[in-house]
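What follows is a set of notes on a single structure, which appears directly below.
The values are calculated or read from the model by the stated rules, or taken from the named source; none is laboratory data. Not measured: the values here are computed from a predicted model. Here the Cβ is made from the backbone with ideal geometry for all residues, glycine too, and neighbour counts use every protein chain on show. Surface accessibility is based on the protein's heavy atoms, side chains included, excluding ligands, DNA and RNA. Shrake-Rupley method; radii C 1.70, N 1.55, O 1.52, S 1.80 Å.
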Amino acid sequence: MNNTTSKKKLFIKTYGCQMNSYDTKRMEDILRPLGYESVDSYEDADMAILNTCHIREKATDKVFSDLGRIRPHKKAKEDKGEQMVLAVAGCVAQAEGDVILSRARYVDLVFGPQTYHELPEMIAKITGAYGQERIINTDFPVEEKFDHLPQENAVTGPTAFLSVQEGCDKFCSFCVVPYTRGSEYSRTVDGILSEAKRLVAAGVKDISLLGQNVNAFHGDGPDGKTWGLGRLIREMNEIDGLERIRYTTSHPCDMQDDLITAHRDCEKLMPYLHLPVQSGSDRILKAMNRKHTAQSYLDTLARFRDMRPDIALSSDFIIGFPGETDQDFEDTMRLVEQVGYSLAYSFKYSPRPGTPAANMQNLVREDVKDKRLHALQALLSSQAVAFNQSFIGKTVKVLFDGRQTKPGFLHGRTEYNQAIHVEAPDRLFGQIADVTVNSAGNTALHGSVAIQDDDLAA
Ligand code: SAH
Ligand code: SF4
Ligand code: F3S
């Protein structure tokens, strides 16, 4: 029997942040040589992986309900004498792996974000002649992981994520990431550049550099020195065929001048910055252990605007952190008014087991949280509409990264990271083209491209 060539169906469901999306792609890259092909349904899968997120509440409940849905299909396969390997990966696996194994006896495999490069060995143990073993693998060999990922990335479109930094040493009092992803680790510059070049050679035009604290990046450079993110971006700016560079997510305390000035110097670095502030109240920021103030955050944004006046700004906010008063919330609203965001994300505070904030008193009532979240989202949405509508009648450069269900329409992104729906010929998929913006709402723009004669003939 030749296990490496027989085709097997692989289903992966991805929850959470972009880093999980990157990890999912890399798991597919690892499993492809073993004969696994990705499918959209778990029903007849030979392997099903839930790549989970632990950031807000009900994360574990969601995993158990998905596991419950998959279980009968696993049973059906077993009744036919076949096997479905059922695995839980990602941050819930890291945080609550033992709970999963004991509550869901039918789960075969639990592995954390830092051990997925060991998947072939783990699978061999489960499916081999001695099969039936159940495995939990939640170590933190992060350095090893990047050394062992395959030298091949399957590319599915013109955009790609590239993890450059993982883990977090900040310990914001509300956050599970330092526990689920481990401490900060930066990949080597050579490893990152060769992955970037492979992606570009396969057709990628837009790379988003990822890290939980991407601007804390400090990778070993080819010159024996430690490189920061600004230096890495300057080097990537020289890669032929790469058109757009982005990075996410940054922390206000790790902003180096070299990164800020890169926004002036590097034409491929997109005019968009996601810099979460979480709250506009210094009292709350302190309780969150954010180590910056509202004013120091505003000063940082001003430095970016000096370099790149048109830069689009984005943030995350947490509403209803323990002890948040009406005045604290007003401070957040004032900060938002001062900044003027193009797009931002806001969440109700959710206590996470094992984090310091989970033990805090003075919880904010749920109805108060709802009211505040509603007010903040209304303000952010009005800012997004104003930002997007300021483009009506203008021409923007769009990278077409998706096909719409309606034939003749493509989905794309502007340089400012806005989503845009465009009536456009299919030949533009994967390309950058000028688009005239016709209308705009809070989440997307609509536009049209100049049509050529051969498009009409097509
Ligand atoms: N590393 C990034 C983001 C990590 S998680 C950063 O430092 O900004 C993404 C967002 O989820 C956070 O920015 C925060 O707004 C939100 N978040 C994290 N923990 C949360 C919690 N316990 N409750 C509600 N929102 C939370
Ligand atoms: Fe979490 Fe704070 Fe680290 Fe971001 S910086 S991942 S919010 S602990
Ligand atoms: Fe979630 Fe883990 Fe990302 S907790 S947000 S998947 S780092």
Taking only the stretch 403-431 into account, find how many residues are assigned to a strand (DSSP E or B) and either of a type in the set (S, T, N, Q) or closer than 23 Å to His274 by Cα (or both). 7
Given the condition touching a strand residue (DSSP E or B) at 6+ places or on another chain (Cβ under 8 Å), farther than 28 Å from Ala95 by Cβ, away from ligand 2 (no atom under 16 Å from the Cβ) and part of a loop (DSSP other than H, G, I, E, B), answer yes or no: does some residue in the stretch 169-188 qualify? yes
Look through the stretch 423-443, keep the residues that are touching a helix residue (DSSP H, G or I) at 6+ places or on another chain (Cβ under 8 Å) and either touching a residue at least 40 places away in the same chain (Cβ under 8 Å) or of a type in the set (A, V, I, L, M) (or both), and return whichever of them is surrounded by the most Cβ atoms within 10 Å (Cβ to Cβ). Ala440
Given (1) open to solvent by less than 10 Å² (accessible area, probe 1.4 Å); (2) over 26 Å from Glu96 (Cβ atoms); (3) among the aromatic types (Phe, Trp, Tyr), index of the condition Phe321 fails: (2)
Among the residues of the stretch 1-55, write down those that are more than 30 Å from Phe171 (Cα to Cα), open to solvent by 60 Å² or more (accessible area, probe 1.4 Å) and touching a residue at least 60 places away in the same chain (Cβ under 8 Å). Arg32, Pro33
Please work out if Lys125 is at positive phi and either assigned by TED's automatic domain parsing to the domain that holds Glu166 or open to solvent by 70 Å² or more (accessible area, probe 1.4 Å) (or both). no
Top-ranked residue of the stretch 146-168 - restricted to ones that are open to solvent by 10 Å² or more (accessible area, probe 1.4 Å) and part of a strand (DSSP E or B), ranked as nearest to ligand 2 (Cβ to nearest atom): Phe161
What is the number of the single condition among (1) outside the structural domain of Asp220 (by TED's automatic domain parsing); (2) under 21 Å from Phe217 (Cβ atoms); (3) in a helix (DSSP H, G or I) that Glu118 does not meet? (2)
For the stretch 345-364, state whether one or more residues are farther than 25 Å from Phe171 by Cα and loosely packed, with under 14 Cβ neighbours inside 10 Å. no
Report yes if some residue within the stretch 208-216 is farther than 30 Å from Gly402 by Cα and within 16 Å of ligand 3 (Cβ to nearest atom); otherwise report no. yes
Could you tell me whether the stretch 135-143 includes any residue that is within 16 Å of ligand 2 (Cβ to nearest atom), open to solvent by 40 Å² or more (accessible area, probe 1.4 Å) and at pLDDT below 90? yes
Which residue out of Lys125, Lys170 is over 21 Å from Thr60 (Cα atoms) and in contact with a His (Cβ under 9 Å, 6 or more places away or on another chain)? Lys170
Among the residues of the stretch 288-296, is there at least one that is within 23 Å of Asn388 (Cβ to Cβ), small (Gly, Ala, Ser) and open to solvent by less than 60 Å² (accessible area, probe 1.4 Å)? no
Which residues, taken from the stretch 69-101, are in a helix (DSSP H, G or I) and open to solvent by 70 Å² or more (accessible area, probe 1.4 Å)? Arg69, Arg71, Pro72, Lys75, Glu78, Asp79, Asp98
